[in-house]
1. Mind ranking 153, 105 by accessible surface for me, highest first, 1.4 Å probe?
2. Which residue, 39, 17, 145, tops the fluctuation ranking in a GNM of the chain built on C-alpha contacts under 10 Å?
3. Would you please name the chymotrypsin sites (Phe, Trp or Tyr not before Pro) within region 84-178 that are DSSP coil residues with at most 16 other C-beta atoms within 10 Å of their C-beta?
4. Average the reciprocal distances over every distinct pair of alpha-carbons in the chain, invert the result, and give the Kirkwood radius in Å.
5. What residues have an amide H closer than 5 Å to that of residue 79, excluding those fewer than 5 places away on the same chain, when H is modeled at 1.01 Å from N in the peptide plane?
6. Can you give me the solvent accessible area of residue 140 with a 1.4 Å probe, rounded to the nearest 10 Å²?
7. Lys/Arg Cβ at +1, Asp/Glu Cβ at -1, dipole of region 72-172 taken about the Cα centre: which of 146, 162, 83 is farthest positive-ward?
8. Let me know the charge dipole size of region 27-178 about its Cα centre in debye, to the nearest 20, where only the beta-carbon of Lys, Arg (+1) and Asp, Glu (-1) is charged.
Amino acid sequence: AGGAGSVATVVGGVVAATVKLQVFQFTDKTAPITANGPAVATSVGTPGQRSTLTFSGTAGNRVSVRIYGVTMSPKPNTGIKVSILKPDGSTLVSPFDVGSAGTWMEPVATPVTGSYKLILDGQSTYKGKATVTMWTVPSDPTATATPGGAAGMVALPTPGQNGTITFSATAGHRYSVK
């Protein structure tokens, strides 16, 4: 990190050994992603390289993310650390593991309007691809059902949206739902 110059790496131990050190030089990748827009395929070709997807967030909005088609890791649940940074560079979503199985990220609110960064940080010597889709998630809908009467119904058109259907109940009565 930093400018040109010499870097010294000291390797030592308590036993005699031969040490092989491979050094990689790279530039992290950056691309835009748009909520409710097309999926973005990203890749890293060098161990240690990160892929950053930038997106515009509006104060109070919620976004959800799906990461799939992951070849950056041979493991199903680990290999990439994914995080989201706020416009000021502080953490909105702490790094969490994603592997070849991909993941779904529940909605998170963007607290301020500005440019956010979704970071895919390959771990170890992993390199490969991942596809990312993002949505702006509207408010969760609610409805009411009546026992023995009208059903309650909510539409959930956006991935990450949750719905709530409530009904009045009487103590000591039994209810089932369909």
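1. Values: 153 165, 105 20 Å².
Result of the area sort, largest leading: 153, 105.
2. Sorting by GNM fluctuation, first place goes to 17.
3. Values: sites: 96, 104, 116, 126, 135, 167, 175; in loops: 126, 167, 175.
Those that pass, being in a loop and sparsely packed, are 167, 175.
4. Numbers: mean 1/r = 0.0511 Å⁻¹.
Kirkwood radius, the chain: 19.6 Å.
5. Residues meeting the criterion, in which the H sits 1.01 Å from N, are 98.
6. 60 Å²
7. Checked the options; the winner is 83.
8. On the way: 12 positive and 6 negative charges, 54 e Å.
In total the dipole reaches around 260 debye.
The values are calculated or read from the model by the stated rules, or taken from the named source; none is laboratory data. Bear in mind that the values here come from a model prediction, so they are computed numbers and not experimental data. Glycine gets a Cβ as well: all are built from the backbone with ideal geometry, and neighbour counts include every protein chain shown. Remember, those area values only see protein heavy atoms, side chains included, never the ligands or the DNA or RNA. Shrake-Rupley method; radii C 1.70, N 1.55, O 1.52, S 1.80 Å.
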